[in-house]
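The values are calculated or read from the model by the stated rules, or taken from the named source; none is laboratory data. No experiment lies behind these values; they were computed from the predicted model shown. Positions of Cβ are generated from backbone atoms using ideal geometry, with glycine treated the same way; all protein chains shown enter the neighbour counts. The protein model used for the area step is the full one, side chains on, heavy atoms only, and it has no ligands, DNA or RNA in it. Shrake-Rupley method; radii C 1.70, N 1.55, O 1.52, S 1.80 Å.
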Amino acid sequence: MKLYGSAYSGNCLKPKWVLDRLGVAYEWIETDSFDGSTRKPEFLALNPAGQVPVIVLEDGRLLAQSNAMMLHFAEGSNLIPTDAYDRAKMFEWLFWEQYSHEPQIAVRIARKHFLGKRDDELDPSLLVKGNAALARMELQLKQTPFLVGGAFTLADVALVAYTRKAHLGGFELKDYPAVRRWVARVEELLGIESALPANG
Ligand SMILES: N[C@@H](CCC(=O)N[C@@H](CS)C(=O)NCC(=O)O)C(=O)O
């Protein structure tokens, strides 16, 4: 399998982490989403949306969208709850991540950290809505060790991707202690280096 992604993109790391955890072999093809690579005809033939991540499966079929990719790879594993309600709660977090978390937190990280925009050049609602998303997670993680109760699921993989780097977007994780502890817990389970700032 060939996984096209950028090592700087949380969306791309999500399916990578799942494949690594499940011990599935694949080739990583580093693809920059800022330098025009995802607009080239050969890339658009893989994903007409012009976005990474996208994967070419062993039989040549294509799959894009980080959460769809994770769900495909994790089918039948303990990253997806078997209980129907818990599975639906996992989906609740996955859909929420794409609508209420990633568009604020990942976008602010991209504009501030990667594109070097000053705070006064950024849409002020990104900070407000991003903090609201972190507060929503804090509320849950004060009560349970993972987003879907006691089990580590794809909801945690999806949401840790940008939460662990939220400080690069100007968010203060020290204001969300339960989220901060959860990030460390999930990073350890994924076997990845801590991205949390020492004091932030
Ligand atoms: N909802 C998509 C978002 C993918 C996405 O936004 N990819 C970015 C990199 S993180 C990209 O390729 N951007 C280039 C573009 O949109 O032109 C997913 O979860 O896979």
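Pairs linking a residue in region 21-34 that is touching a residue at least 60 places away in the same chain (Cβ under 8 Å) to a residue that is open to solvent by less than 70 Å² (accessible area, probe 1.4 Å) and away from the ligand (no atom under 13 Å from the Cβ), with Cβ atoms under 7 Å and 6 or more positions apart or on different chains, are R21/L190.
Check A151, A133 and return the single one that is small (G, A, S), assigned by TED's automatic domain parsing to the domain that holds R180, modelled with pLDDT of 95 or more and open to solvent by 10 Å² or more (accessible area, probe 1.4 Å).
Numbers: A133 fails: open to solvent by 10 Å² or more (accessible area, probe 1.4 Å).
So the residue among A151, A133 that is small (G, A, S), assigned by TED's automatic domain parsing to the domain that holds R180, modelled with pLDDT of 95 or more and open to solvent by 10 Å² or more (accessible area, probe 1.4 Å) is A151.
With respect to (1) among the β-branched types (V, I, T); (2) surrounded by 19 or more Cβ atoms within 10 Å (Cβ to Cβ); (3) out of contact with any Leu (no Cβ under 8 Å at 6 or more places or on another chain), the lone exception for T82 is condition (2). Only a single criterion out of (1) surrounded by 21 or more Cβ atoms within 10 Å (Cβ to Cβ); (2) more than 23 Å from L147 (Cβ to Cβ) is not satisfied by K2, namely (1). Residues that are outside any loop (DSSP other than H, G, I, E, B) and either of a type in the set (D, E) or buried (at least 21 other Cβ atoms within 10 Å of the Cβ) (or both) within region 52-66 comprise V54, I55, S66, listed in sequence order. L46: part of a loop (DSSP other than H, G, I, E, B), among the hydrophobic types (A, V, I, L, M, F, W, C) and in the same structural domain as K16 (by TED's automatic domain parsing), yes or no? Yes.
With respect to E172, is the statement that it is open to solvent by 30 Å² or more (accessible area, probe 1.4 Å) and farther than 19 Å from S194 by Cα true? Working first, answer last.
Numbers: open to solvent by 30 Å² or more (accessible area, probe 1.4 Å): yes; farther than 19 Å from S194 by Cα: no.
Criteria not met by E172.
In region 100-117, the residues that are surrounded by fewer than 24 Cβ atoms within 10 Å (Cβ to Cβ) reach residues that are hydrophobic (A, V, I, L, M, F, W, C) and not in a helix (DSSP H, G or I) with C-beta atoms within less than 6 angstrom, at least six apart or across chains, in these pairs: R111/L122. For region 127-157, a tally of residues being in contact with a helix residue (DSSP H, G or I) (Cβ under 6 Å, 6 or more places away or on another chain), part of a helix (DSSP H, G or I) and free of Cβ contacts under 8 Å to residues at least 40 places away in the same chain returns 3.
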